[in-house]
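Encoded as structure tokens, the structure appears first; notes follow it.
The values are calculated or read from the model by the stated rules, or taken from the named source; none is laboratory data. All values reported here derive from a predicted model rather than from experimental measurement. So basically every Cβ, Gly included, is an ideal-geometry build from the backbone, and we count neighbours across all protein chains shown.
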Amino acid sequence: MVKAVLPVLIFAAFISNMALWEGLLRFLFPREKVFLYPQANLSQLVGEHLVLVLVSSALAIIVGLSIGIFVTRPAGKDFLRIANELSSLAQTFPPVAVLALAVPLLGFGFKPTITALFTYSVLPILRNTIAGLEGVPLNTIEAASGMGMSRLQILGRIELPLALKVILAGIRISVIVNIGTATIGAVVGAGGLGSPIISGLVRDNPAFVLEGALAAALLALLADFLIGKAEQSLSWSH
């Protein structure tokens, strides 16, 4: 637990130390007059970014798991190929294109950004859910059925626990990609760490760009570390 909490505390302390950020950016870009994005402090931007990532990732997990479970049940086997094809098709649409299509329907800000991020991040979760559940040995399922367990009990007590590590690997990929992709939300006014990046590109200020990009990269590394720790704990528990 301490090994997981410590990196979070270090990240929070680093993000909130604006004097350190200003000193770093001033050293790297001495010719710039303004070094920190003036519209919001970095802690606020990280908070906005986390909301975008958490909401879209939660929706992707719920939908990906639900569809993955359904198409691996006898009643949903006929939809397995369709689910794979539709999820692959969704992945081919760049998030910016989804944003462009969603803005006329949903307006600017939070909703179109969540739509774009959800569409782009559901595929790894769905794919890994299907792969994990289909990888459960048939004889294990038959043995559980022979013991009198219902299909729902087999799913909850046998299949999902055995497939959990594979499913979690899909969630890990999805969340990390989502953190980087969420920077596009600033294009339609959703805020987050894309705001200093967009502002820096518009004003030709590389300090702003690096502020947003470096914070997003550190957040992705932190998420990767934490989910990796969860995967390790599952391995040790088995």
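Has region 148-158 got any residue that is surrounded by 15 or more Cβ atoms within 10 Å (Cβ to Cβ) and not aliphatic (A, V, I, L, M)?
no
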Go over the candidates Ala215, Ala230, Ala182, Ala207 one by one and state the one that is surrounded by fewer than 19 Cβ atoms within 10 Å (Cβ to Cβ), in contact (Cβ under 8 Å) with a residue 12 or more places away in the chain and of a type in the set (A, V, I, L, M). Ala230
Write out, first by first residue and then by second, each pair whose Cβ atoms fall under 6 Å of each other, whose residues are 6+ apart or on separate chains, and whose first residue, in region 71-100, is within 24 Å of Ile114 (Cα to Cα) while the second is buried (at least 17 other Cβ atoms within 10 Å of the Cβ) and of a type in the set (S, T, N, Q). Ala90/Thr119; Pro95/Thr181; Val98/Thr119
Sort out which residues of region 15-37 are within 15 Å of Leu210 (Cα to Cα), assigned to a helix (DSSP H, G or I) and either among the charged types (D, E, K, R) or under 29 Å from the mean Cα position of the chain (by Cα) (or both), and write them in order of number. Ile15, Met18, Leu20, Trp21, Glu22, Leu24, Leu25, Arg26
Would you check if Gly228 is out of contact with any helix residue (DSSP H, G or I) (no Cβ under 8 Å at 6 or more places or on another chain) and over 25 Å from Ala83 (Cβ atoms)? no
Go through region 127-159 and report how many residues are closer than 20 Å to Val71 by Cβ, without any contact (Cβ under 8 Å) to a residue 12 or more places away in the chain and among the hydrophobic types (A, V, I, L, M, F, W, C). 2
Out of Leu45, Leu80, report the one residue that is under 18 Å from Gly194 (Cα atoms) and touching a helix residue (DSSP H, G or I) at 6+ places or on another chain (Cβ under 8 Å). Leu45
Report yes if some residue within region 171-182 is of a type outside the set (A, V, I, L, M, F, W, C) and outside any helix (DSSP H, G or I); otherwise report no. no
Lone qualifier among Thr113, Thr92 - being closer than 21 Å to Gly200 by Cα, among the polar types (S, T, N, Q) and under 19 Å from the mean Cα position of the chain (by Cα): Thr113
Given (1) over 29 Å from Pro196 (Cα atoms); (2) under 21 Å from the mean Cα position of the chain (by Cα), Val53 misses just (1)
Does any residue in region 2-18 that is of a type in the set (Val, Ile, Thr) come within less than 8 Å, Cβ to Cβ, of a residue that is part of a helix (DSSP H, G or I) and modelled with pLDDT of 85 or more six or more places away or on a different chain, and which pairs are these? Val8/Leu222; Val8/Leu226; Ile15/Leu42; Ile15/Ser43; Ile15/Val46; Ile15/Ala215; Ile15/Leu218
I'm trying to understand the selection: among the residues of region 187-204, which are crowded, with 23+ Cβ neighbours inside 10 Å, among the small types (Gly, Ala, Ser) and in a helix (DSSP H, G or I)? Gly194, Ser195
Would you mind stating whether Val103 is within 30 Å of Ala186 (Cβ to Cβ), more than 20 Å from the chain's Cα centre (by Cα) and among the β-branched types (Val, Ile, Thr)? yes
If you go through region 38-56 one residue at a time, do you hit one that is assigned to a loop (DSSP other than H, G, I, E, B), out of contact with any Asp or Glu (no Cβ under 9 Å at 6 or more places or on another chain), surrounded by 14 or more Cβ atoms within 10 Å (Cβ to Cβ) and of a type in the set (D, E, K, R)? no
Leu201: under 27 Å from Arg172 (Cα atoms) and either modelled with pLDDT of 90 or more or within 17 Å of the chain's Cα centre (by Cα) (or both), yes or no? no
